[in-house]
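Below is one structure, written out as structure tokens, with a few remarks after it.
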Amino acid sequence: MARNIKLFVYPVKDIDAAKAFYSRYLGVEPYADSAYYVGFRIGDQEIGLDPHSQVGPIAYVDVDDIKASLKELLDAGASSVADIKDVGGGLLIVQVKDASGNVLGLRQPVK
């Protein structure tokens, strides 16, 4: 089954300056606005700003079963970056590295 990239998260150094820039660049105000994450929605695409990330941008695909999808990627040669974590309200994310060291993400939306 083909998956669409639903979220791109960009690391930022100054969350307020980045929020102002991306609001202008994307032409919309953020739907999520906090000190640890700012998110913009454009159709079914999300752009996130993360002041705590050291890598990026990270592309995330939505999956129905994050544990099974993570196992598939690990079996295909990916390496784990961190454990699956709940980032609020039951939304689960995890990142892996491909063989070239690129960081990619999986996201399991709340059902």
Query raised in the report: What number, in percent, do you get for the relative contact order of the chain if the mean sequence gap of Cα pairs under 8 Å and at least 6 apart is divided by its residue count?
Result: 25 percent
Query - At 1.306 mPa s and 10 °C, Stokes D of the chain from Kirkwood alpha-carbon radius, µm² per second - result: 109 µm²/s
Query - the stretch 1-36 and the stretch 63-111: distance between their alpha carbon centers, rounded to Å - result: 20 Å
**Report entry** Given 14 as the ceiling on other Cβ atoms within 10 Å, longest exposed-site-free region of the chain for chymotrypsin sites (Phe, Trp or Tyr not before Pro) in DSSP loops
**Finding:** 37-111
Query raised in the report: So how tilted is helix 15-26 from the main axis of the chain? Cα-based, degrees 0 to 90, rounded to 10.
Result: 90 degrees
Query - Karplus 3J(HN,Hα) series, Hz, for the stretch 37-43 with 6.51 cos²θ - 1.76 cosθ + 1.60 (x for Gly, Pro) - result: 6, 10, x, 10, 10, 10, x
Query raised in the report: Hey, what angle do you get for helix 66-75 against the long axis of the chain, alpha-carbon based, 0 to 90 degrees rounded to 10?
Result: 60 degrees
Query - Overall form of the stretch 1-59 per C-alpha gyration tensor (a/c, 1.5; a/b vs b/c) - result: oblate
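Bear in mind that the values in this text are calculations on the coordinates, not laboratory data. Source: prediction; values computed, not measured. Methodologically, a virtual Cβ is constructed for each residue, glycine included, from the backbone with ideal geometry; neighbour enumeration extends over all protein chains shown.
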